Every structure is written in C-alpha cells, then in structure tokens.
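Q: Take a look at this one; I'll ask things after.
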Ligand code: ADP
Ligand code: MG
C-alpha cells in the first residue's frame, strides 16, 4: 500500500513540478509525504494546518487535475496534518480532512487556480420554481465578522457591513460599496456580510460572485441564448454580492445587464453589496448611470491598518491556528510588513513554514530573514520625495540645498543622482521629475540621467555613490 501511494504521489510530483515555479514547488510540495492509497483516495501528510490551507487555496485545481489524471474520475485527496508546535508543549496531532468535505474553497487569489476542487458554481440557470429556489450562496464560512478584526482603518466599512447584515435591504446602505487596495480585506468583509445574513435569515437567498465570474456567466448566457434566464435568476435573489466590480470596466454588455439587475433588486428592497479596488469617482470605463447607482448607498473605504491593528490581526490568526510566537517577533513582523493584510499573513505563514521544514525554532533572526525577503519582493514604488531625502542625507545636505540653483559641483551631482533615481525607480515623467526636483525642465532631467550613466562608467568614486544609493533606495 505504502508503495503505491508513493508511486502515485511521485508521478503527481513530476507533473506538478512542470507546472509551477521551482521555489513554490520546493516550499509547498517537497515537504509532503504520501501516506496511503485507498481506492481512489490518496492521503498525504502535510507539516501543518497552514500547509493544508495554503495548498487548498492555491493549488487545489492543480491537485485535482493531476490526481484525476493518475487515479481517474472520483479521485480524492485526504490531508493528514501533522501539527508541529516548535514550542514542544503539544503532541503532534493528526487530523483527516477529506478535501471535498470542505463546503467551499477560499476565494481565489490572483495566482490561484480557476476552478475549485469542490464546487463549480451551481449552474444558476436551472430554476426549480421560485418558491423553493435553491441557490448555493458560494460563501466562505471562514470569512466572518468574528475574525475580521476591527481597527481605525476599517471601522466605518465594518460597521456598515454589520448594519447591512442585520437588516439586508433595510438600511440606506444600498448598495454597500466596499473599496480599497489589494489585500485589505474587501473580499473577507463581503463574505462576512453574506455569512451573517445567512445565519440570521436562513431563508434569504444570498449569492456571492466575483465580477469576473459574473461576466463569464453572462457571456455564456448570450452564447447559449439564455440571457433572459440569466437576468431572471439574478433578479430573484435577496442579496447579491459582487466582488471586484472594477473588473466590469470597459465591458459594456455586462455593465448593461448588471444595470438592469441592480435596478430590479434595488426597487424591490433587495440588498446589493459591491467591492472595488477604487472609489466610484476613480473608476474608469464604467458607465455613468452605473456609477451614479453605486453612489446611492454608502461607499466605505478599507485603509491600510495601523501597526496596532496589524498586531491584533496577527495574534488572532496565530491563535486560531494554534501557534504561539514571541511578542517580539509578532511586533517585528507587524512593524515591517506595512503594505496590506495579505502580505502580513503571507510573511507569517512563510515564517512558520520555514521553521517547520528546517525544524528550527522561530527566532527573531529567522523572522528578520523572512521579513526581509518579503519586503524586497514587494516592489513598492518609492516616491520622488523619498529619493531626494535619501540622496541629500547621503551627501549630508538638506533637500533645499539639493534643489537650489547653485552650480557647485557636488550639489549638482547630488541633484543629478536624485533625478537619475527618480527616472529609474518611479513611473514619473521627465517633466514631472524636473518639476519636483527644484523646478527644472525635462531636458535637464534627461541630461542628468545621461551624465549619471556616463560618470558611473568612467568614475569609480561616482560608481560607488550610485551603488550605495541604489542599495539604500531599494532596501
Ligand atoms: P482584498 O479582497 O481586499 O484583496 P482579502 O479580503 O482577500 O483582501 O484579505 C486578504 C487577507 O487578509 C485575507 O486572508 C483576510 O482574511 C485578511 N484580512 C484582511 N483584513 C483583515 C482584518 N481586519 N482582520 C483579519 N483578517 C483580515
Ligand atoms: Mg478580493
């Protein structure tokens, strides 16, 4: 038995290796051990719950494909989790989680597979009589209010969502539009609202759908000549949650059909919840009549959480996963990962993963290493102000001096370096760079960039300035 499990798994690995990046393969697949094979169920042992969740979230489609390829239709994957607590206070525990017992896989990340192991969206077009309409709500119960931590950055959005959940369609927050940058919790909050509604009002039909899927379904319905059924289906929902509506931009057909659905729901006191990566005023290529509808209700922004909230989010996540880490480490991670919550979670997962592969304790040093990699990998764009500050600090002058009209050689050089890095590290135009660095014109900036290029070839000392600054600016 053992033998066949291993054989099958090895063949799976060959396939997987060819289909994902090597680093990801090493991180997430090498540590897995095949345990047993019973009929078409392959059990694999993963080092921790994080692992399991990560695999389910990111590789479920790949796993399904390869397993079906090896074992045929009906293939199943069973995870055996060996939870290893580096603190040695708990015994390893084993948990069997049949992959397809999970009601729902977490919503897809950008790089996540397109379809899930468990449930394709139930074809919405078959309507067995409106009375006993059964809609699979596509909600993820893991995203709820309880584990959506409150902070200044999300208070308005969170309370609005709660209000909506208490009285769907019955508040002035209709539609409720939650907007904000990536990884700040829009999808989580949208699900929470749906989950809460379902809990309070089990009879209400709720549907969560990404704007992308909505669009695909719509196109499909046009192709199959079932556009009316499509519209009809959406019009009889009690609560419609559409994630990432910015995806509709430029897609006028889908916008049009959504407009009709929206109007119908709104007129009938049904709740609409939308998320977007931008505020309505900043949305492009969305029809005016839709934008104005979006503004009927409430637009609530999710902002980047402050460090206290980041700490609480981390703590709550660790607590739920049954892992304890030193305060010092938690603070370090929260302090240095500032972009968004998803990265914060990613850093901590990778930290724990590292420690469990290498069987070492999570120490502050390890945390520093992991965080460092994380911060480097996120290409954040530095601002021109920041570049000027770093360059003037480096040459021990202040920013006014750097910008001044003087022709003193070392100041001119500093200014040219600032311009060079502004061109290199930001998307700003030459004109805008010149304008921000002492009100020069674009020709001056162009000249500066050429000069820096030349000098760094011919002048060793100058080359060192460039290298030092490069390092400081991109660290
Ligand atoms: P978005 O849809 O805005 O890109 P997500 O909703 O996918 O972001 O959130 C990214 C991750 O961060 C998810 O795992 C989510 O659970 C987590 N998260 C975001 N905000 C919070 C919060 N306030 N409390 C707890 N977890 C959060
Ligand atoms: Mg999202």
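Q: So what's the projected area for the range 255-313, the Cα convex hull averaged over all directions, in nm²?
A: On the way: hull surface 21.4 nm².
Convex hull of Cα atoms, orientation-averaged projection: 5.3 nm².
Q: Could you please state, rounded to a whole Å, how far the C-alpha centre of the range 222-251 is from the C-alpha centre of the range 316-335?
A: Cα centroid to Cα centroid, the span is 41 Å.
Q: How much FRET efficiency would the formula 1/(1 + (r/R0)^6) give for residue 162 and residue 365, where r is the Cβ-Cβ distance and R0 is 45 Å, rounded to 0.05?
A: Details: r = 41 Å, r/R0 = 0.92.
So, using R0 = 45 Å, E works out to roughly 0.65.
Q: If you take the Cα Rg of the range 194-255 and divide it by 2.2 N^0.38 Å, with N the number of residues, what do you get?
A: Numbers: Rg = 12.9 Å, N = 62, 2.2 N^0.38 = 10.6 Å.
That ratio works out to 1.22.
Q: Taking the chain as the reference, fit the longest principal axis to its C-alpha atoms, fit the long axis of helix 327-336 to the helix C-alpha atoms, and give the angle between the two in degrees, 0 to 90, nearest 10.
A: Around 70 degrees separate the two axes.
Q: Stokes-Einstein D for the range 384-474 at 10 °C, 1.306 mPa s, Kirkwood Rh over Cα pairs, in µm²/s?
A: Values: Rh = 12.7 Å.
Taking Rh from Cα pairs, D becomes 125 µm²/s.
Q: Compute the Kirkwood hydrodynamic radius of the range 299-338, taking the inverse of the mean of 1/r over all pairs of distinct Cα atoms, and give it in Å to one decimal. Walk me through the numbers on the way to the answer.
A: Values: mean 1/r = 0.0926 Å⁻¹.
That comes to 10.8 Å for the range 299-338.
Q: Quick check on packing: order 197-203, 382-388 by the mean number of other C-beta atoms within 10 Å, highest mean leading.
A: In decreasing order of mean packing, 197-203, 382-388 become 382-388, 197-203.
Q: As I understand it, the value is the acute angle between the Cα axis of helix 409-425 and the longest principal axis of the Cα atoms of the chain; what does it come to in degrees, rounded to 10?
A: In the chain, helix 409-425 runs at an angle near 20 degrees to the longest axis.
Q: Compute the helix-to-body angle for 155-166: its Cα long axis versus the longest principal axis of the chain, expressed 0 to 90° and rounded to tens.
A: 10 degrees
Q: Relative contact order of the chain, please, whole-number percent, based on alpha carbon pairs below 8 angstrom and at least 6 residues apart.
A: 11 percent
Q: Same structure again: In which sequence would 12, 449 go, from the one with the fewest C-beta neighbours within 10 Å to the one with the most? Numbers along the way, then the final one.
A: Values: 12 24, 449 19.
With the sparsest Cβ surroundings first, the list reads 449, 12.
Q: Would you list 218, 319 from fewest to most Cβ contacts within 10 Å?
A: Values: 218 22, 319 11.
Taking fewest neighbouring Cβ atoms as first place, the list is 319, 218.
Q: Could you grab the relative contact order for the range 155-302? Cα pairs under 8 Å, six or more apart, rounded to a whole percent. Could you put the intermediate results ahead of the total?
A: Details: 245 pairs, mean separation 57.2, N = 148.
For the range 155-302, the relative contact order is 39 percent.
Q: Quick one, what does Rg over Rh come out to for the chain if you take C-alpha atoms and the Kirkwood Rh?
A: Working: Rg = 26.5 Å, Rh = 25.7 Å.
My calculation of the ratio gives 1.03.
Q: If I take R0 = 22 Å and measure r between the Cβ atoms of residue 295 and residue 431 in this structure, what FRET efficiency does the formula 1/(1 + (r/R0)^6) give, to the nearest 0.05?
A: Once rounded, the FRET efficiency stands at 0.05.
Q: What do you get when you divide the Cα radius of gyration of the range 307-377 by 2.2 N^0.38 Å, with N the number of residues?
A: Here the Cα radius of gyration is 0.98 times the empirical estimate.
Q: Before anything else, pin down the relative contact order of the range 268-426: Cα pairs under 8 Å, at least 6 apart, normalised by residue count, whole percent. All intermediate terms of the calculation are to be shown ahead of the outcome.
A: Values: 94 pairs, mean separation 23.6, N = 159.
The normalised contact order for the range 268-426 reaches 15 percent.
Q: Treating only the Cα positions of the range 155-302 as identical point scatterers, give the base-10 log of I(q)/I(0) from the Debye formula at each q in 0.09, 0.18, 0.20 Å⁻¹.
A: Per q value, in the given order, log10 I(q)/I(0) is -0.24, -1.02, -1.27.
Q: While we're here: With just the Cα atoms defining each centre, how far is the range 179-217 from the range 389-426? Give it in Å.
A: 49 Å
Q: Among bridges DSSP assigns within the chain, what percent are antiparallel (round to 5)?
A: Working: 10 of 33 bridges.
Expressed as a percentage, antiparallel bridges in the chain total about 30.
Q: Hey, another quick one. Which of 323, 272 comes first, and how do the rest follow, when ranked by fewest Cβ neighbours within 10 Å?
A: On the way: 323 22, 272 26.
Neighbour counts put them in this order, fewest first: 323, 272.
Values quoted throughout were computed directly from the atomic coordinates according to the rules given, and no laboratory measurement underlies them. Note that the structure is predicted; figures quoted are calculated from it, not measured. We place every Cβ from the backbone using ideal geometry, glycine too, and count neighbours over all the protein chains shown.
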